[in-house]
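Student: Pasting a structure below so you can have a look.
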Amino acid sequence: MECQECKQNPATLHFAKVINGYKTEIHVCEQCAKEKGYVSQDEEAYSLHDLLSGLFNFDSVNLSPSQENSSNQQTEERCNKCGMTYKEFTKVGKFGCSSCYEAFSSHLNPIFRRVHSGNTAHSGKVPKRAGSDIYQRKQLKELKLELQQLIAEEEFEHAAKVRDQIKALEQNLNHNGEGEK
Amino acid sequence: MGLEQFINEAISPWLKEEGPDSDIVMSSRIRLARNFEQSPFPLIAKEEHLDGILHFIEREYNHQSLLQYKDLEFVRMEELKQIAKQVLVEKHLISPHLAEKSKRGAALISKNEQVSIMINEEDHIRMQLYFPGLQLEKALEEAFQLDDWLEEKIDYAFDESRGYLTSCPTNVGTGLRASVMMHLPALAITRKINRMIPAINQLGLVVRGIYGEGSEALGNIFQISNQITLGRSEQDIIEDLKSVVEKLIEQERQARSWLMQQSELELEDRVFRSYGVLQHSRIIESKETAKCLSDVQLGIDLGFIKDISQSILNELMVLTQPAFLQQYAKKALNPHERDVFRASLIRERFSIEKKEES
């Protein structure tokens, strides 16, 4: 089999790339694999983490060495508790501690939307001791406002999602109410 | 007992029980990820933090019981031999990450091996709960009880708008990963599964092989799980997964009866060839083993083979994994030695079945 990129060398590397479940087979020679970024620079296997951290890095998904300098302009946002910077977070794709969520909050909605198909707010279980209904009620109000706005703007697809969130929240509140009786 | 049983028995006690649709659904699993509020996540936490967590968990929960999950045994990764850790991975009691990468990793495993709580994995706490067959609701209900029980003494990292905070953004919110392990030989033989997987993915579910991320569907065993953890309730997530699994069960049953109508003899031939290979080969690799076991299991389900126990696939899939073989042989084996030992172990297993029958 010949390399599908250069069509000259024999294909020595065979990948099955699965993106959201769509399997694409790739047959390339080693050189093209490196050039086209199928193999990362440090020769480690392309892992889910790479894919994920790619998701976070909006302006530079495929960092080639020459472009790397430009991303230094990103401001050094840092989590006060664990010291992780936003840049580190985008590289590793993992938070350092629970306070990172607060520290990087301005960046998180787009990331969560991509990972969780449009969702940015939790609507499931709440810890028994720490969970408070008050906040959820507040959230419910906000969502209802958002829903009205979306309907006014005829963003029905998005509105349906928000409606589902509201439903889930209401159910949750009722559920908690029953539990406290 | 305890640890010894975890390592020496191939088949977890709960796997011996039958569950709903257990001819197709091998197991249902619920995993919840939780973190301690006060400590950084394990990935970057200092060892003293992680040690603190270990001590706390050991002190509070070692040998405790909840529901039918008796006598949780606290097992430190550092104290286990490499092979023992691998065996726990092969039995799905711990993750490869906990076995290989975690600093100060540990697990609390219930006596019936239905509950395993991993400590200092990617998150401080990852509890998982297994049920035989398709029993997602029951598993979730009991996972919630387990979660509440742990929460009595632990301040979880939780944010009202983001939910349970986890190390990886892909788990935030519910921290829930629900998955179902399915044996789908007829959908694989008819190649229908290849067309179904993309559709399943579009519903926000992931299809993987038996050993998780990136693994092949060995033995026609597919693991289906939710991907989205934020913005939907646990019940909704499970409902979605369940409805897809039920569709798959239906499709698998249809494919089986179609195969029986269209090519019963060919199917029977395939089953008995594989049966022959397992009974008589002297050298066999794990891939071929998995393929043959899948055929034999299908043969049992369709009534071609009557004298073997229903749980053979579950049992031998684990028993013939590399670490388990070496644990059983009580020595390290190179790949070729493993293939030889595997073949003799399988022959032995089948001849025991025969004797018990006669």
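Every number here is computed from the coordinates shown, using simple stated rules; none is lab data. All of these numbers come straight from a predicted model, not from anything done at the bench. No Cβ is skipped: glycine too gets one built from the backbone with ideal geometry, and neighbour counts run over all protein chains shown.
Student: Per DSSP helix of 4 or more residues, -39500 (n - 2.57); summed, then divided by the residues of the protein assembly as shown. What does that give at 222 nm, rounded to the nearest 500? All intermediate terms of the calculation are to be shown ahead of the outcome.
Tutor: Values: 19 runs with 251 residues, N = 539.
Helices in the protein assembly as shown give a 222 nm mean residue ellipticity of -15000 deg cm²/dmol.
Student: Evaluate the relative contact order of chain B (contact order divided by residue number), counting alpha-carbon pairs under 8 angstrom at least 6 apart; express in whole percent. Don't skip to the answer; put the middle values down first.
Tutor: Values: 615 pairs, mean separation 67.7, N = 358.
Relative contact order of chain B: 19 percent.
Student: Same structure again: Would region B:218-299 count as rounded, prolate or oblate if I go by the C-alpha gyration tensor, calling it rounded below 1.5 in a/c and otherwise prolate when a/b exceeds b/c, oblate otherwise? Don't jump to the answer; show the numbers that get you there.
Tutor: Numbers: a/c = 5.36, a/b = 1.83, b/c = 2.93.
Oblate, because a/c is 1.5 or more while a/b does not exceed b/c.
Student: Give me B:Trp258, B:Trp14, B:Trp149 ranked fewest to most by other Cβ atoms within 10 Å of their Cβ, as a rough exposure proxy. Working shown, then result.
Tutor: Details: B:Trp258 13, B:Trp14 19, B:Trp149 16.
Least to most surrounded, the residues fall as B:Trp258, B:Trp149, B:Trp14.
Student: Next up: Once you average over the residues of B:234-240, how many Cβ atoms of partner chains fall within 10 Å of each Cβ?
Tutor: Numbers: counts 3, 6, 6, 1, 0, 0, 0.
Counting Cβ atoms of other protein chains within 10 Å of each residue's Cβ and averaging gives 2.
Student: Which one of B:Glu160, B:Glu78, B:Glu246 has the biggest mean-square fluctuation once chain B is modelled by GNM with Cα springs under 10 Å?
Tutor: Looking only at B:Glu160, B:Glu78, B:Glu246, the biggest GNM fluctuation is shown by B:Glu160.
Student: Lys and Arg at +1, Asp and Glu at -1: add these up for the other residues within a Cβ distance under 12 Å of A:Asn119 and post the number. Before the final figure, lay out each step's value.
Tutor: Working: positive: A:Arg113, A:Arg114, A:Lys161, B:Arg162, B:Arg232; negative: A:Asp164, B:Asp236.
Here the count lands on +3.
Student: Where nothing but the Cβ of Lys and Arg (+1) and of Asp and Glu (-1) is charged, how large is the charge dipole of chain B around its Cα centre, in debye to the nearest 20?
Tutor: Working: 43 positive and 57 negative charges, 244 e Å.
Result for chain B is approximately 1180 debye, rounded to the nearest 20.
Student: Multiply the residue gap between B:Leu333 and B:Glu141 by 0.36 nm, knock off their C-alpha separation, and tell me the result in nm, one decimal place. All intermediate terms of the calculation are to be shown ahead of the outcome.
Tutor: Values: separation 192, 0.36 × 192 = 69.12 nm, distance 4.24 nm.
Result: 64.9 nm gained on full extension.
Student: Give the Rg/Rh ratio for region B:277-321, taking Rg as the radius of gyration of the Cα atoms and Rh as the Kirkwood radius, to two decimals. Provide the component values of the computation, followed by the final result.
Tutor: On the way: Rg = 10.3 Å, Rh = 10.8 Å.
That ratio is 0.95, to two decimals.
Student: Enumerate the whole-percent occupancy of each 10 Å bin, from 0 to the last occupied one, for all C-alpha pair distances of chain B.
Tutor: That works out to 5, 24, 32, 25, 11, 3, 0, in percent per bin.
Student: A follow-up question, please. Checking the cross-link filter: which lysines have an alpha carbon closer than 25 Å to that of A:Lys167, excluding same-chain neighbours under 8 positions apart?
Tutor: A:Lys125, A:Lys128, A:Lys138, A:Lys141, A:Lys144, A:Lys181, B:Lys138, B:Lys242
Student: Okay, next question. Could you tell me what a quarter of the Cα convex hull surface of the protein assembly as shown works out to, in nm² with one decimal place? Intermediate results must be reported in sequence, preceding the final value.
Tutor: Working: hull surface 115.8 nm².
About 28.9 nm², averaged over all directions.
Student: Would you tell me the mean number of C-beta atoms belonging to other protein chains that fall within 10 Å of each C-beta in B:174-186, as a whole number? Can you show the working numbers first?
Tutor: Values: counts 4, 3, 2, 0, 0, 0, 0, 0, 0, 0, 0, 0, 0.
Mean partner-chain Cβ count within 10 Å for B:174-186: 1.
Student: Can you pull out the trypsin sites (Lys or Arg not before Pro) in region B:90-138 whose DSSP state is coil and whose Cβ has at most 15 other Cβ atoms within 10 Å? Kindly include the intermediate steps, with their values, before the conclusion.
Tutor: Working: sites: B:Lys91, B:Lys101, B:Lys103, B:Arg104, B:Lys111, B:Arg126, B:Lys138; in loops: B:Lys91, B:Lys101, B:Lys103, B:Arg104, B:Lys111.
Answer in residue order: B:Lys101, B:Lys103.
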